[in-house]
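Structure first, then comments.
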Amino acid sequence: MNERKGSTLNFVEIWEKWKEHGDIEAKKQLIEKYLPIVDYVSGRLAVGLPKNVSKDDLSSNGVMGLIDAVEKFDYKRGLQFETYASWRVRGAILDGLRQGDWVPRSVREKSKKLEEGYQQLEQRYLRSVTDSEMSEYLNISVREFQSMLQEVAVMTLCSLEDPIREEESETRLTLLVDEKAKNPDHKVREFYLKDSLTKGIEKLTEKERTVVSLLYYEDLSLSEIAEVMSLSPSRISQLHSKAILRLRGSLEKHRDLLMQED
């Protein structure tokens with residue numbers, strides 16, 4: 001027990017050396033200690049990405065995010081650095097992917113069509129729509145529809161960090177995470193966002209909710225979820241894509257409502 005306290009104290013001292021005295025050696029120690037975060041986050045994001053995306057590139061961008069996290073983290077607030085760093089690492093990797101223009105325009109257009117289709121049909125029927133209903137709406141076969149879902153699977157990785165409007169810099173993630181905003185406007189946004197997400201999740205099918213829960217709350221990979229649910233990885237990928245496209249539609253509607261109130 002005493003040994004554990006001693007190691008914790010040493011760890012706090014490393015943060016103090018870096019933050020209070022600018023000790024570069026202490027900074028290196030922190031980066032080395034938390035490098036596994038980069039491996040973990042890049043490994044999860046690599047699932048479903050095209051083969052032309054280099055895992056080394058993902059890791060390199062992730063390390064940049066980790067360094068940024070070490071430089072900006074306030075250890076005195078008593079927060080978990082691992083959580084903070086994971087967001088920074090993930091953001092840096094996604095920024096790198098976007099700058100590399102890794103998703104063809106045709107795939108982006110298909111993703112937008114699917115998102116709009118789910119949004120319009122679910123507003124019309126007030127329930128979760130079936131694959132056949134979506135296929136009919138898009139005027140394609142069910143097989144072609146499922147192929148489209150597979151193609152846009154890579155887009156759902158960046159779904160919350162993509163701009164809400166192509167000409168704007170605000171992202172869906174800024175609606176979810178805003179460390180500085182404490183004003184009433186932010187509270188209103190937060191309330192409506194949670195309400196929209198809750199309603200969006202309620203519209204998901206049982207399997208889609210399970211995939212979302214296992215991926216984002218239980219922290220399982222897509223391949224692990226496939227094993228748990230006794231489904232193929234491609235089927236899990238399709239379920240994930242459908243869930244994200246529907247939730248994106250809910251967030252889009254949330255933003256439109258706020259714009260109407262301004």
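Which pairs do you get when a residue that is within 23 Å of residue 123 (Cβ to Cβ), found in segment 198-216, comes within reach of a residue that is among the small types (Gly, Ala, Ser) and part of a helix (DSSP H, G or I), reach meaning Cβ atoms under 6 angstrom, with the pair 6+ apart or on two chains?
So the pair list comes out as 200/250; 204/243; 208/243; 212/243.
In segment 37-95, which residue that is part of a loop (DSSP other than H, G, I, E, B) and farther than 19 Å from residue 223 by Cβ is modelled with the highest pLDDT?
The selected residue is 73.
Just one of the numbered conditions (1) outside the structural domain of residue 46 (by the TED database); (2) under 20 Å from the mean Cα position of the chain (by Cα) is not true of residue 86; which one?
Result: residue 86 passes all but (1).
So, in segment 114-156, of the ones that are outside any helix (DSSP H, G or I) and not hydrophobic (A, V, I, L, M, F, W, C), which residue ends up nearest to residue 245 (Cα to Cα)?
128
Would a scan of segment 107-123 turn up a residue that is within 19 Å of residue 45 (Cβ to Cβ) and among the hydroxyl-bearing types (Ser, Thr, Tyr)?
Checked segment 107-123: at least one residue is within 19 Å of residue 45 (Cβ to Cβ) and among the hydroxyl-bearing types (Ser, Thr, Tyr).
If residue 77 passes every condition in (1) without any contact (Cβ under 8 Å) to a residue 40 or more places away in the chain; (2) not assigned by the TED database to the domain that holds residue 19 but one, which one does it miss?
(2)
Kindly indicate which of 197, 239, 258 is in contact with a helix residue (DSSP H, G or I) (Cβ under 7 Å, 6 or more places away or on another chain) and either modelled with pLDDT of 80 or more or assigned to a loop (DSSP other than H, G, I, E, B) (or both).
Among 197, 239, 258, only 239 is in contact with a helix residue (DSSP H, G or I) (Cβ under 7 Å, 6 or more places away or on another chain) and either modelled with pLDDT of 80 or more or assigned to a loop (DSSP other than H, G, I, E, B) (or both).
Show the residue pairs meeting these rules: Cβ distance below 7 Å; 6+ apart or different chains; first residue within segment 131-157 and modelled with pLDDT under 90; second residue β-branched (Val, Ile, Thr).
Cβ pairs passing all conditions: 151/107; 152/107; 154/103; 155/103; 155/107; 156/244.
Identify all residues within segment 99-115 that are of a type in the set (Asp, Glu) and in contact (Cβ under 8 Å) with a residue 60 or more places away in the chain; write none if there are none.
115 - this is the single residue of segment 99-115 that is of a type in the set (Asp, Glu) and in contact (Cβ under 8 Å) with a residue 60 or more places away in the chain.
Out of (1) at pLDDT below 90; (2) within 19 Å of the chain's Cα centre (by Cα), what's the single condition that is false for residue 110?
The one condition residue 110 does not meet is (2).
The values are calculated or read from the model by the stated rules, or taken from the named source; none is laboratory data. Keep in mind that this is a model prediction, so the values were computed, not measured. With ideal geometry, Cβ positions are generated from the backbone for all residues, glycine too; neighbour counts draw on all protein chains shown.
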